[in-house]
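Novice: After the structure tokens below, expect a handful of questions from me.
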Amino acid sequence: MSFQSSFVLFLGSLLFLLLIATSFGQLQVDYYRNTCPDVESIVRTAVERKFQQTLVTAPATLRLFFHDCFVRGCDASVILAKRNGAAEKDNPIDLSLAGDGFDTLIKAKAAVDSVPGCKYKVSCADILALATRDVITLTGGPSYAVELGRLDGRISSKASVRHSIPHANFKLAKLKAMFASHGLTLADLVALSGAHTIGFSHCSQFSRRIYRFRSRSRIDPTLDLGYAKQLTKMCPTNVDPRVAVSLDPTTPWIFDNQYFKNLRQGKGLLTSDQVLFTDRRSRKLVNLFASNSTAFDQAFVTAMTKLGRIGVKRGNQGEIRRDCTMVN
Ligand code: HEM
Ligand SMILES: *[C@@H]1O[C@H](CO)[C@@H](O)[C@H](O)[C@H]1NC(C)=O
């Protein structure tokens, strides 16, 4: 083969690889540069407005994104409604997803579609990924570039949630396995758990730790005793099931590394939180994130980016939904 023909062959295969990469492969930060170049600022404005009306917007949206990505991938399947009540969001686990998260997505989607050029051009899954980054920034967390190009899924099933979302009483082995099944490492697990630096949990999620633990005192010994006493005051045995307690008792509305400092003091609200410190395998990471907020921010952004790549749909696997709650 002459030099020229092999060079042409080389260029040809390079072009081919490039085509594959752009049509099936990676998400891109500037995915909408030609179709809806202002999508980032449109979403940010809508999310800021919603956040100013109610602060709960932030934790609600962040948890919604996590639950979307862990069930059938980041495809906005968590938003779909079904008349027969058998949608993902109808699973008891997802019934505790706060309505303000859904509302944030609906409002941001309406804002995007109100711009003529953008109408029906941006997926609900991408809008949720952008809104999630925006609420993290609005509560004081790191800002980061969001990869885009996800399509919306057409399937939502109540049954698929049960074995996909981690439980509050999981220990490290189960947490690790569940995150590893999505390609997420131990460092990703610990960093992402830092999302519990904002938001709330209902008493039922941890009441076993303060009332029915298998120890003489009935209280989980990994809990700080003073904190446990506070929790029994906020969550008496006859508590209204709607009562919710801050996941981060120190700075509940600020996205910071306080969550990890709390864990070192026995102030992790859920078993799945405290175990990150009590288990030697993850303790080093907790100590690192507690003592170095830059290290936490970096690890969190890395892990969020990986979370956002789970089960992404392209081509005929999905669509751009006109109404986020219904398939087209
Ligand atoms: C590591 C395993 C995890 C477990 C076992 C877990 C479990 C829970 C539970 C039980 C609640 C309280 C639900 C309620 O009673 O209303 C909660 C709340 C929350 N979770 Fe997680 N979670 C995990 C990981 C994550 C991740 C990775 C994120 C996001 C990246 C996240 C974000 C949130 C947020 C923001 C809230 C507060 C929601 C609100 O106030 O509306 N969680 N989580
Ligand atoms: C904190 O973490 C960052 C990022 O990993 C690192 O560059 C920096 O040196 C660390 N700071 C200290 C005081 O260890």
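Novice: How about the stretch 220-328: which chymotrypsin sites (Phe, Trp or Tyr not before Pro) there lie in a loop by DSSP and see at most 16 other Cβ atoms within 10 Å?
Specialist: 253
Novice: Further question: Could you please state how large a percent of the accessible area of the chain is carbon and sulfur, counting protein chains only and using a 1.4 Å probe?
Specialist: The C+S portion of the solvent-accessible surface of the chain is 57 percent.
Novice: Excluding ligands, DNA and RNA, what is the solvent-accessible area per residue of the stretch 172-306 at a probe of 1.4 Å, expressed in Å²?
Specialist: 49 Å²
Novice: To test your reading of the geometry: what angle, between 0 and 90 degrees and rounded to tens, separates the Cα axis of helix 57-70 from the longest principal axis of the chain?
Specialist: 70 degrees
Novice: Can I ask one more? Looking at the stretch 194-230, which trypsin sites (Lys or Arg not before Pro) are in a loop (DSSP not H, G, I, E or B) and have at most 14 other Cβ atoms within 10 Å? Show your work: numbers first, answer last.
Specialist: Values: sites: 208, 209, 212, 214, 216, 218, 229; in loops: 212, 214, 216, 218.
When the trypsin sites (Lys or Arg not before Pro) of the stretch 194-230 are filtered for loop state and at most 14 Cβ neighbours within 10 Å, 212, 214, 216, 218 remain.
Novice: Helix 39-53 versus the longest principal axis of the chain: what is the Cα-based angle in degrees, 0 to 90, to the nearest 10?
Specialist: Tilt relative to the chain: about 20 degrees.
Novice: Can you give me the relative contact order of the stretch 95-205 as a percent, contacts being Cα pairs under 8 Å and 6 or more apart?
Specialist: Result for the stretch 95-205 is 15 percent.
Novice: Same structure, new question: Going by a ≥ b ≥ c, the root eigenvalues of the Cα gyration tensor, does the stretch 211-307 fall in the rounded group (a/c under 1.5), the prolate group (a/b larger than b/c) or the oblate group?
Specialist: Details: a/c = 2.31, a/b = 1.64, b/c = 1.41.
The shape class here is prolate.
Novice: Per-residue ellipticity at 222 nm for the chain, helices alone: DSSP H runs ≥ 4 residues times -39500 (n - 2.57), over residue total, nearest 500 deg cm²/dmol?
Specialist: -14500 deg cm²/dmol
Novice: Cα axis of helix 225-234 to longest principal axis of the chain: angle in degrees, 0 to 90, nearest 10?
Specialist: Helix 225-234 sits at roughly 80 degrees to that axis.
Novice: Here is a follow-up. So which lysines pass the test for residue 176, namely a Cα distance under 22 Å, with those fewer than 8 places away in the same chain ruled out?
Specialist: Candidates past the 8-residue exclusion: 261, 267, 284, 306.
Novice: Could you tell me the extents of the chain's C-alpha atoms along the three principal axes, largest first, rounded to whole Å?
Specialist: Sorted from largest, the Cα extents of the chain read 81, 48, 35 Å.
The values are calculated or read from the model by the stated rules, or taken from the named source; none is laboratory data. Keep in mind it's a predicted model, so treat the numbers as computed, not measured. Neighbour counts are summed over all protein chains in view; Cβ atoms, including those assigned to glycine, are modelled from backbone coordinates with ideal geometry. Ligands, DNA and RNA are excluded from the accessible area calculation, which covers all protein heavy atoms including side chains. Shrake-Rupley method; radii C 1.70, N 1.55, O 1.52, S 1.80 Å.
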